[in-house]
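Data first, discussion second: the structure below is written as structure tokens.
The values are calculated or read from the model by the stated rules, or taken from the named source; none is laboratory data. Just so it is clear, the model here is predicted, and its values are computed rather than measured. Positions of Cβ are backbone-derived with ideal geometry, glycine not excepted, and every protein chain shown enters the neighbour counts. Side chains are part of the model used for accessible areas, which takes the heavy atoms of the whole protein and leaves out ligands, DNA and RNA. Shrake-Rupley method; radii C 1.70, N 1.55, O 1.52, S 1.80 Å.
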Amino acid sequence: MSQEIVIRRITAPEIRSRKGGDPIVALTSYHANTAHIVDRHADILLVGDSLGMVLYAMESTLGVSLDLMIMHGRAVVQGSSHALVVVDMPFGSYEESPAIAFRNAARIMKETGCGAVKLEGGNRMADTIRFLIQRGIPVMGHIGLTPQSVNTLGGFKTQGRDTALWPLIKADAQAVSDAGAFSVVLEGIVEPLAAEISHEIAIPTIGIGGSKECDGQILVLEDMLGYNPRPPKFVKVYGTVGTAIDEAVKAYAEDVRSRKFPANENVYLLK
């Protein structure tokens, strides 16, 4: 009699324990179909508010709503069974106060079934991170290039080119770690600074445009699959899915116009 294999999800504490160990594999996912595929290979599936730009053609992530994040987060959870699912808290859902952040984070956790939330900010958000964790919500931090602050940063600019600012960025990383986050995303930070932060703080760092010295890496799935015609410098393109879709749709259109599709095997015939 064969035994049923039970697949157990990775948890936030398990990711925390990977500091200095095997590199952590993370990718974004926005819907159930891709989650089902990526789940076989990833440790973390991030339902990023980048979905506003990737799926909805927004100019930034600022227009993404809490309801939208919950809808996509629920789909990713339902489409996966192994990876830790982390859902971004969108702009305006956590900055006002720790209590409001908890209310919205609790709603995300309850309505999606995810294992953690992510929010942007270092020192300024440390009290909120601590407040959430003390109330049972695992938090992933995010410092450096924080897309929700694009208007105050003056665009999507690499952080740390001016070494005089390194102590501030390091302080942000340390504050997130001290507040109890289980990991922190280092986005768009110059390589030597990202490497130093990774060696200095106690929690795993997840790089995106950071350093190979980070404890893990994350990319936007659609970028690494070749959907984006102008991917950022930090992206390595691992597939040509965009080209494959174009070729498949072109072949379908040609078959429809020439009446090759549907063929007999694609229709219901009388017996």
Qualifying positions in segment 234-263 - under 26 Å from the mean Cα position of the chain (by Cα) and either of a type in the set (A, V, I, L, M) or closer than 19 Å to Val25 by Cα (or both) = Phe234, Val235, Lys236, Val237, Tyr238, Gly239, Val241, Ala244, Ile245
Kindly check whether there is at least one residue in segment 78-95 that is surrounded by fewer than 18 Cβ atoms within 10 Å (Cβ to Cβ) and within 22 Å of Arg124 (Cβ to Cβ).
-> yes
Would segment 115-131 turn up any residue that is farther than 27 Å from Ser198 by Cα and either open to solvent by 10 Å² or more (accessible area, probe 1.4 Å) or assigned to a loop (DSSP other than H, G, I, E, B) (or both)?
-> no
Would you call Arg161 of a type in the set (Lys, Arg), loosely packed, with under 15 Cβ neighbours inside 10 Å and modelled with pLDDT of 95 or more?
-> yes
Inside segment 84-114, the number of residues satisfying the requirement of being in a helix (DSSP H, G or I) and either of a type outside the set (A, V, I, L, M) or on the phi > 0 side of the Ramachandran plot (or both) is 8
